[in-house]
1. Does segment 94-101 contain at least one residue that is assigned to a loop (DSSP other than H, G, I, E, B), touching a helix residue (DSSP H, G or I) at 6+ places or on another chain (Cβ under 8 Å) and β-branched (Val, Ile, Thr)?
2. Looking only at helices (runs of 4 or more DSSP H) that fall completely inside segment 113-184, which ones have 3 or more residues that are more than 20 Å from Ser18 (Cα to Cα) and open to solvent by 50 Å² or more (accessible area, probe 1.4 Å)?
3. What is the number of the single condition among (1) at negative phi; (2) in contact with a helix residue (DSSP H, G or I) (Cβ under 8 Å, 6 or more places away or on another chain) that Gly129 does not meet?
4. Does segment 30-38 contain at least one residue that is open to solvent by less than 30 Å² (accessible area, probe 1.4 Å), within 21 Å of Pro76 (Cα to Cα) and in a helix (DSSP H, G or I)?
5. Is it the case that Arg213 is in contact with an Asp or Glu (Cβ under 9 Å, 6 or more places away or on another chain), surrounded by fewer than 15 Cβ atoms within 10 Å (Cβ to Cβ) and among the basic types (Lys, Arg)?
6. With the structure loaded, tell me whether Leu25 is of a type outside the set (Ser, Thr, Tyr), modelled with pLDDT of 90 or more, surrounded by 15 or more Cβ atoms within 10 Å (Cβ to Cβ) and outside any loop (DSSP other than H, G, I, E, B) or whether it fails that test.
Amino acid sequence: LLARGPTHRLSAEQLRDSALAAAGLLVDRVGGPPAHPYQPDGLWKENNTFSPAYPQGKGEELYPRTLYTVRKRTAPEPVSGLFDAPSRELCVARRQATSTPLQSLALLNQVQYLEAQRVLAQALLAQSGDDAARLDQLQLALVGRPATAGERSLLRAALDEQRKIYAADPALAAALMKNGEAPAPAGANPAEIAAWTAVAQLVMNSDGFVWKR
């Protein structure tokens with residue numbers, strides 16, 4: 001019966017919560033004060049220079065479920081808007097569902113997603129096993145099933161390519177490690193974490209993660 005259910009793209013809230021949950025970052029509390037996750041600098045002052053600065057949270061305050069994200073009517077959270085979350089200026093009976101290149105850019109570049117991908121990569125590298133086992137675990141965490149032989153081959157090729165790129169440019173790997181406030185483990189290899197982060201980005205941009213099937 002589940003296999004015959006409707007297919008649809010996950011909502012903005014579901015996408016963010018799924019990314020955080022896969023990385024082990026999601027704070028699954030019920031109730032409490034509004035959350036203040038990452039937002040672009042100066043967003044609240046863009047339409048009103050007299051508005052107070054956005055008070056970004058710290059630590060676990062960054063990771064509650066998206067339901068609790070603070071909302072400012074004149075400065076709605078931009079990434080949620082990319083995934084068709086309404087601005088709440090008007091009542092919306094049903095959200096439209098779009099697919100645009102900006103959505104992929106958000107999954108690849110927005111700090112909350114980059115941090116989740118990096119932390120997931122760190123968790124994979126902390127586990128015992130070879131690359132094939134970690135690729136299966138990555139697919140299981142983001143898509144809900146192990147990788148197929150074809151997917152594993154493609155992801156392994158991407159992993160090898162990214163390892164070469166980051167090994168040749170340590171500064172690039174170090175820059176990626178600075179996304180988000182979640183710390184890197186002591187003695188971490190930035191190039192290896194960056195390579196696995198890039199592979200996590202690929203899987204998180206696939207239909208298996210973005211769409212409910």
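The values are calculated or read from the model by the stated rules, or taken from the named source; none is laboratory data. Quantities reported herein were computed from a predicted structural model and do not represent experimental measurements. Here Cβ is always computed from backbone atoms with ideal geometry, including for glycine, and neighbour counts include all displayed protein chains. Surface areas here come from the heavy atoms of the whole protein model, side chains and all, with no ligands, DNA or RNA. Shrake-Rupley method; radii C 1.70, N 1.55, O 1.52, S 1.80 Å.
1. There is at least one residue in segment 94-101 that is assigned to a loop (DSSP other than H, G, I, E, B), touching a helix residue (DSSP H, G or I) at 6+ places or on another chain (Cβ under 8 Å) and β-branched (Val, Ile, Thr).
2. 149-168, 170-177
3. Going through the list (1) at negative phi; (2) in contact with a helix residue (DSSP H, G or I) (Cβ under 8 Å, 6 or more places away or on another chain), Gly129 breaks only (1).
4. The answer is no, given that none of the residues of segment 30-38 is open to solvent by less than 30 Å² (accessible area, probe 1.4 Å), within 21 Å of Pro76 (Cα to Cα) and in a helix (DSSP H, G or I).
5. yes
6. no
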